[in-house]
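Bear in mind that the values in this text are calculations on the coordinates, not laboratory data. Owing to the predicted nature of the structure, the values given are computational and were not obtained by experimental measurement. For neighbour counting, all protein chains shown are included, and Cβ atoms are generated from backbone atoms with ideal geometry for every residue, glycine included.
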Amino acid sequence: MTLPAIFKPTATEEFETAIKWYEDEQAGLGGKFKEAVFAAIASIQQHPRTYPRIHRQLRRAKVKRFPYAVIYIIEPLAIRVIAIFHMHRNQEEWKSRVN
């Protein structure tokens with residue numbers, strides 16, 4: 001069974017901001033970033049325990065071709081996406097979102 005992915009509002013906001021930034025840098029790149037993130041999420045949904053724990057119950061799946069990761073928690077009925085996070089930012093920022 002595939003678990004649905006539910007985004008925290010902050011994850012949605014940073015995802016949309018990153019898509020826009022990539023699109024502003026190069027036409028079509030925002031769409032490629034979006035596809036890469038959705039591919040990472042689809043993989044998480046199929047095999048949620050494959051990806052490493054990085055802090056308590058948080059796990060991280062890297063996004064191919066981009067310096068981003070999907071930070072998530074496995075819940076009984078869903079995958080909770082905590083962040084679509086640029087890997088060079090301060091890691092403490094997403095840790096505060098667990099609650």
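The table that follows gives values for the structure above.
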{"item": "Virtual spin-label span in nm between Phe38 and Thr10, 7 Å along Cα→Cβ", "result": "2.6"}
{"item": "Three-way shape label, the stretch 34-89, alpha-carbon gyration tensor, a/c 1.5", "result": "oblate"}
{"item": "At R0 = 30 Å, FRET efficiency that the Cβ-Cβ distance of Leu3 and Leu29 yields, to 0.05", "result": "0.55"}
{"item": "For the chain, share of DSSP beta bridges that run antiparallel, in % to the nearest 5", "result": "80"}
{"item": "Helix axis angle, 29-46 relative to the chain longest principal axis, alpha carbon, degrees", "result": "10"}
{"item": "Ellipticity estimate at 222 nm from DSSP helix runs (n ≥ 4, -39,500 (n - 2.57)) divided over the chain, nearest 500", "result": "-12500 deg cm²/dmol"}
{"item": "Cα-centred dipole magnitude for the chain, charges only on beta-carbon of K, R (+1) and D, E (-1), debye, nearest 20", "result": "520"}
{"item": "Helix 9-25 axis, angle to the chain major axis (alpha carbon atoms, nearest 10°)", "result": "30"}
{"item": "Theoretical gain in end-to-end length, Asn90 to Ile54 [0.36 nm per residue, Cα-Cα removed]", "result": "11.6 nm"}
